[in-house]
Structures are given as structure tokens and as C-alpha cells.
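Q: My structure is below; once you've seen it, I'll send some questions.
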Amino acid sequence: MDATIYRVPACNVEALREQIAEMNKKAAKLGAPEIVLTQVGTEIEKRKNASKIEIEFVYHLFKVEGATPKLEGWTFVAVIEQLGEENLVKIVPGENCPGLFRTTDYHCDHCNTDRRRKEVFVLRHDDGTHKQVGRNCLSDFLGGKSPEGVLAWAQIIFELDSTVRESESEGWCHGGRYSPSIDEYLAVVAICIRRIGWISKKAAESMFPEPMTTAYLAWRVCTDTKSRTIGELIEEKELYVEDRDLELAKAAVEWAKALPTDQSNDYQYNLGVACRAGIVNPSTQGIIASVISAYQRHLDRVEELNIKGREKFLDEHVGVVGQRGGFAGLTVKSMKYFDGNYGVKTLVRFKDPEGRTLIWWASGEVEWLKEGESYDISATVKEHGAHNGYKQTVLLRVAQGLPRPKPKKVKA
């Protein structure tokens, strides 16, 4: 068989190998040579998905090697089937069938009769001669040898070529949909959480007309490029991935990949396994989507464990409850998004220059704040609270910039 090069998306490779393994089981029963799938290269193509994120599509280049069916000096070249008024010529991969067989009638060169047949077979002798033979005459033509094993072998070769060519389609492996990379999928999860909030299974049950968890919504955004409903939702909620979403996704994946395999925590073990697999599919989308929140909880625990050892840590409240004032040089330590009764809510955690913690529950997404940046703000102190044993000041009605000083009253 000629070494045709096939370009197979990375998401389809595992399924292709499984199908070839099944074909080799059939070939072994027939005593046929094993089909060998050999990777000869890799190509990377960059494209933007519906959420305007540039994604690397990985393709593996393969050549498939196997032997053409042969018996008693005759090699099977093609099967000719009548399709309406024309002939469908199915050529054995790696063989060449003379063009005259495209318009041939259904006569048999062995019995020299021309009658209506379902199919005829084209064979080539070692001396280069081609013959057209009907199925019922194959045994006699081959000197009494049963052709069934060779025909079954030929069918495997036909199936092989068809399967590998189909695997070149991005939608082959998962019901007509592209299987996104983990980075792409989690970047969309991150923007969905920022714009809409985290939607759990329980919360999704009350949704109309279609229940969609965050995991399922992100999957649809990544894969269902032809859906009008998803397209309108992307536009309405502005589910366009930004650099910060992709950075968070990559950091979360790297953290999950490094989770130890010998731990007792089943959730973290499975999370690590799913992320190390490198792709997302319908059976893993739920657990992979949860890595964003799991990673952020991990960062919170790291901060809490190290908080007392920091030079700039002060475990005390700031401001007077009920009073409005200015807070200079607050650094945004984290921003988390939750699904509230009236839309998404954002939990913003600040640190002031002395190391005190302040938090703000904002309605919707706060576009003017970014993690790691420092700001001067005006706010009202709602309460002096605590979290995990550490004091924190709760703010409300936060605005950008320090309050303007009140003008002094001049006595008349």
C-alpha cells in the first residue's frame, strides 16, 4: 500500500488507534498482516473560536501500512458496484485501477456472461493483466481456492482507508463536534463565571428553556458553532475571552497536572488525571470546569497559611462602621464570581499598605478593577467581620478615587 499521509486532529488520535486495533483483531483471525499506524510529524494551526480566543489546533501526521489482498498470483484491485446508471469503483488503497472499469458493463471474464450483478471484482495478475470477475466465479477463477478470506481481508483494507480519512475531520470523534483543548475550554469557563456566575447543577434545573450548568455552557460555546441560541448568548453576555481568562486557565491546569497521584482525596486525584489527559470530552467537562474554583481555593489556602509570616500583615480592622471614607493604595488580591438572585456577584478582596484585609461584594462584574493592581477608593464601612479566624473589613458602595474634601464653611 502506498504511504498516503493522513492529517488527524489530536482529539481523534486515541479513537483512531482503538479502531485500528479492532481491525487488527479481524486481520489476525484471517491470517492477514497487521495494519501499522506510524506518526511521521505534527502540525499546529492557530485559529480563533467563537469567544475570540486564539487556539492552537494540533494535527498529527500518520502513514498507514498494510498489505494488499492477494491469492494465487492475483491481487485484488477494486470492487465495482452499480449506482444508478453509473459505476462506483471502490479501489483498494494503494492500488491503481485502469479508467476503463469506470464504464464497464457487468460481464465476467471467467464465465463470459453479461448479466445483472450486484458487484464485480477487478484483479491484477503478477504479469500486469487485469480481469473482471463476478463473485460466484471467484472460486473457480482462483483454481478452486476459497476467496472468502481474501474478500474479508479486502473489506478490512477498505474499512481502514475510510476510517482514517474520516478521522481527518475535526468532528469525527465526538458526534460532529470539535473537542477543545483544556486551555481553550477553561478560558471560556472563566469568562462565563465572570459574566454570568457559577451555575451549579441544582441552579441549572430551574433554568428555562434549556438547563445549562457552567460546564455545559462553556462546552457549547466551544463546540456548538452553528447554534443560533449560543451565538446570541455569546453576544448578549459578551462571552469573549480575554488574556486574563486564558492566563487563569493555564495556571489552573498546571496546578491540577501537578497534583500527586498517591493522595487519598479522590476528587483531586481525578482532577489531576482529567487535566493530564490534555483534552476535554463530554464525560470530563464537569470535573475539568471545576478546576477554576479549586485553583482559586488553593490560592486562598496558600495565602492563609503564609499570612502570619508576611512582613506586611496586620490582623485588625480599619475604618468606622457606618462611616464613609477614603482608602488609599488598596491592592486587589483576588476577584471571585458567584451566581446571585439578581445576576452575578463579585467578591473582591483587597489588602491595604499595612497588610489589613478588606472585602467588597459587588453587583455584577467590576470592569475597572484588575487583580494585582492598586487603587485609591471611596467606600462605606459596612461591618468589621472575620474569615477563618482573621479580621476583615467589609465595604459597600465602593467608588473609584478618594472622596473630595468637603469645602469649609465660611462664617458670614
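Q: Determine ³J(HN,Hα), in whole Hz, for all residues of the stretch 251-261 in sequence, where each value follows from phi through the Karplus function 6.51 cos²θ - 1.76 cosθ + 1.60 and θ = phi - 60°; x replaces Gly and Pro.
A: Working through the residues one at a time gives 5, 5, 5, 4, 5, 5, 4, 8, 4, x, 8 Hz.
Q: With 24 Å as the limit, write out which pairs from K345/K370; K201/K237; K237/K391; K345/K382; K351/K382 have Cα-Cα distances beyond it, or answer none. If you can, show how the numbers build up before the last one.
A: Details: K345/K370 16 Å; K201/K237 20 Å; K237/K391 36 Å; K345/K382 17 Å; K351/K382 17 Å.
The pairs that break the limit, which is 24 Å between Cα atoms, are K237/K391.
Q: Enter the accessible area of D114 (Å², nearest 10), with the probe set to 1.4 Å and all protein chains included.
A: It works out to around 100 Å².
Q: In addition: Please list 3J(HN,Hα) in residue order for the stretch 107-112, calculated via the Karplus relation 6.51 cos²θ - 1.76 cosθ + 1.60 where θ = phi - 60°; whole Hz, with x for glycine and proline.
A: So the J values, rounded to whole Hz, are 6, 10, 5, 8, 9, 6.
Q: In addition: Over the heavy atoms of F141, what accessible area does a 1.4 Å probe trace out, to the nearest 10 Å²?
A: Its heavy atoms expose roughly 40 Å² to the probe.
The values are calculated or read from the model by the stated rules, or taken from the named source; none is laboratory data. Every value quoted in this text rests on a predicted model; they were computed, and no experiment measured them. Ligands, DNA and RNA are excluded from the accessible area calculation, which covers all protein heavy atoms including side chains. Shrake-Rupley method; radii C 1.70, N 1.55, O 1.52, S 1.80 Å.
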